[in-house]
Amino acid sequence: MGKIKQFIRRLIEKFPSWHQWQKVPSVLTKKERYFIFGLLILAIISLFGWMISYNLKHTTLIPNYGGSFREGIVGNPQFINPILSQTNDADRDLSELIFSGLMKYNNKGELVPDLAEKYNVGDNGKIYEFFLRKNVKWHDGTSLIADDVIFTIGAIQNPDYRSPLRINWSGVEVEKVDDWTVRFKLKTPYAPFLSNTTVGIAPSHIWKNILPEKFLLAPENLEPIGTGPYQLKKLKKDKEGFVNYVELEAFGEYDTASRPFIEKIYVYFYPSEEELIKAYNHGKLNNLALISNQNKNTLRGVSVKSNTYRLNLPRYFAIFFNQSKSKVLSDKNVRLALNYATDKKEIIEKALNGEGTQVDSPIPFGVFGQNEKIKIYEFNPEKAIEILEQAGWKDTDSDGTREKKEEKLEIELVTTDLNQLRQSADIIKEQWAKIGAKVNVIISNIGEIQQEYIRPREYQAILFGEVLGLDPDPYSFWHSSQKKDPGLNLALYDNQKVDVLLKDARQVVNNDELRAKEYEQFQQYV
């Protein structure tokens with residue numbers, strides 16, 4: 001041990017002093033000095049590189065709270081209110097951020113509790129009890145209680161409130177067990193019931209004193225108070241009353257387990273897709289959605305490259321005939337001929353740049369219950385002409401339009417001012433003209449379509465979309481009880497066998513195979 005100490009002492013004594021180190025550069029050649037300096041720089045770089053590598057290997061990148069996001073939407077909010085928001089994309093998007101439901105879909109598409117802490121199902125699927133979380137606050141600081149759930153469902157069920165969700169809650173009794181427990185009683189089991197409970201809950205303390213007849217015009221529809229992840233901070237209108245933008249702020253008392261990272265979201269509204277894209281190209285937006293394929297290539301990010309994503313949605317667009325408003329369309333032969341005269345592939349190619357899927361059924365491909373064996377009316381204009389000729393529809397005056405007993409084969413086709421639908425309507429007009437059917441296209445905005453055409457069913461034919469849920473209950477679109485507003489049976493379809501199938505399919509619980517068979521039969525009939 002003593003020898004080691006002596007060795008270390010001698011080593012230290014021989015180690016150059018600071019004064020000696022200062023003399024080193026003077027005894028080195030220029031080349032030697034550059035060489036040593038280079039080694040020192042290399043050592044320092046290596047040390048920093050090792051530190052960075054170590055840091056990357058032993059740390060995890062996670063999101064931080066803060067920042068803002070700017071979203072652009074075509075349209076304008078009218079009812080930022082979950083009781084009324086389903087028929088307008090702008091309303092629906094904002095309501096999803098501002099309000100919460102008893103249940104919600106997670107990022108895997110699974111139904112999980114939201115405002116509810118848990119739920120129980122009893123009496124073979126006819127009783128549902130929801131137990132509310134006790135720490136939920138409205139954006140104004142008021143506590144959420146069972147009364148809010150009771151009011152929301154009651155308003156949806158009351159025809160005076162004119163909620164498009166009314167059919168989903170028909171025949172459902174709702175009762176308050178206590179301030180934190182709500183019980184639903186169904187007359188019969190209803191398979192998609194849990195998905196209905198994702199509807200946002202509205203605050204009873206805000207709405208209970210507003211009469212139903214004043215509900216649609218109440219200013220509170222644009223002053224939403226919810227329990228969702230974001231609260232309304234600011235809403236700005238122009239001189240004409242058009243909402244320019246909405247500023248949303250993360251709600252500080254939202255559930256900490258799913259608190260949003262983005263502090264502020266700005267949603268800007270535009271009257272047309274062209275205006276929306278122009279704003280994006282000028283760097284005013286971070287994101288925009290549902291852009292037509294024709295305009296997809298016009299997107300130009302200002303600071304970063306634009307990324308586009310294609311999603312398959314459970315929705316389809318179709319032409320729905322209202323036979324009560326058109327003698328021409330009340331003739332089954334005319335409807336058959338128009339089917340054969342419609343080249344869907346041309347519509348997809350020209351109006352969607354080929355990025356669409358042909359739909360031949362009320363339940364599109366990829367959605368639960370879709371029937372691949374249904375009869376398909378392939379494009380066959382010769383067959384269409386043959387059907388019309390045999391049915392007595394002839395062009396006797398050679399003006400290009402067929403007639404029968406002085407009744408012209410003339411149809412009014414209504415659709416929205418959305419680019420793809422406007423183009424589709426023009427293509428269909430040309431296709432049907434080739435078999436002697438004259439089409440007068442009427443273009444209107446979504447608000448007018450809803451109020452002046454769909455609700456009163458004042459159209460002969462309408463080119464419109466239907467959005468199905470992840471569980472595609474087609475009842476509200478095809479059951480005969482839904483022919484009048486607020487039902488969504490736009491074809492005014494009436495078939496007793498289909499009514500039975502749709503009603504029975506709703507009541508099948510825990511037997512997807514049986515439900516799928518009933519949906520397949522329903523599609524065969526339609």
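Read the figures in this text as sums done on the coordinates, not as results from a lab. Computed from a predicted model, the values in this text were never measured in an experiment. Glycine also receives a Cβ, built like all others from the backbone with ideal geometry; neighbour counts cover every protein chain displayed.
What to note about this one:
- Leading residue at positive end of dipole, the stretch 15-154 (Cβ point charges), from 55, 125, 99: 55
- Within the shell of other residues whose beta carbon sits under 14 angstrom from the beta carbon of residue 184, the net charge comes to +1, with Lys and Arg scored +1 and Asp and Glu -1.
- In the stretch 268-320 the Cα-Cα distances spread across 5 Å bins starting at 0 as 4, 16, 29, 21, 15, 9, 4, 2, 0 percent of all pairs.
- With q set to 0.20 Å⁻¹, the log10 of I(q)/I(0) for the stretch 425-474, from the Debye formula over equal scatterers at the Cα positions, is -0.83.
- In Hz, Karplus ³J(HN,Hα) per residue of the stretch 395-402 (6.51, -1.76, 1.60; θ = phi - 60°; x = Gly, Pro): 9, 6, 9, 6, 9, x, 10, 6
- Ordering of 29-39, 105-115 by packing [mean C-beta count within 10 Å, highest first]: 105-115, 29-39
- Each stretch of four or more DSSP H residues adds -39500 (n - 2.57); spread over every residue of the chain, this sum gives -9500 deg cm²/dmol at 222 nm.
- Candidates 324, 421, 380 compared by Cα position along the dipole of the stretch 308-443: farthest toward the positive end lies 324, with charges placed on Cβ.
- Taking each of 373/517; 350/383; 296/438 in turn, the alpha-carbon distance tops 22 angstrom for 350/383; 296/438.
- Rounded to the nearest Hz, the phi-derived 3J(HN,Hα) couplings of the stretch 142-155 under the Karplus curve 6.51 cos²θ - 1.76 cosθ + 1.60 (θ = phi - 60°) are 6, 7, 6, 9, 4, 4, 5, 5, 4, 5, 4, 5, x, 5, where x marks glycine and proline.
- Each 5 Å bin from 0 upward holds the following percent of the Cα-Cα pairs of the stretch 379-526: 2, 8, 14, 14, 14, 15, 15, 10, 4, 2, 1, 0, 0.
- Values (1) 59; (2) 63; (3) 50 are given for comparison; percent of Cα pairs over 29 Å apart, derived from the coordinates here, is the one labelled (2).
- Check: the stretch 383-514 dipole with +1 on Lys, Arg Cβ and -1 on Asp, Glu Cβ, in debye: 180 debye
- Rounded if a/c under 1.5, otherwise prolate or oblate - the stretch 162-226, Cα gyration tensor axes: prolate
- Rounded to the nearest 20, the size of the Cβ-charge dipole of the stretch 219-377 about its Cα centre is 460 debye, with Lys and Arg at +1 and Asp and Glu at -1.
- All Cα pairs of the stretch 374-435, percent lying beyond 20 Å: 40 percent
- Among 521, 392, 508 the positive-end extreme of the charge dipole of the stretch 368-526 (Cβ point charges): 508
- Computed P(r) (all Cα pairs; the stretch 130-250; 5 Å bins; percent): 2, 9, 18, 20, 19, 17, 8, 4, 2, 1, 0
- Of all DSSP beta bridges in the chain, antiparallel share, percent nearest 5: 70 percent
- The stretch 214-297 shape via C-alpha gyration tensor axes, a/c threshold 1.5: oblate
- Working ranking of peptides 150-159, 174-183, 393-402 by packing, defined as the average number of other Cβ atoms within 10 Å per residue, highest first, is 150-159, 174-183, 393-402.
- Under 17 Å from residue 325, Cα to Cα: aspartates and glutamates that are on another chain or at least 8 residues apart: 407, 410, 412, 452, 458, 485, 494
- Evaluated with a Cβ-only charge set (Lys, Arg +1; Asp, Glu -1), the chain carries a dipole of roughly 3320 debye about its Cα centre, given to the nearest 20.
- Judged by the gyration tensor of its Cα atoms, with axes a ≥ b ≥ c, the stretch 99-164 is rounded; a/c sits under the 1.5 cut.
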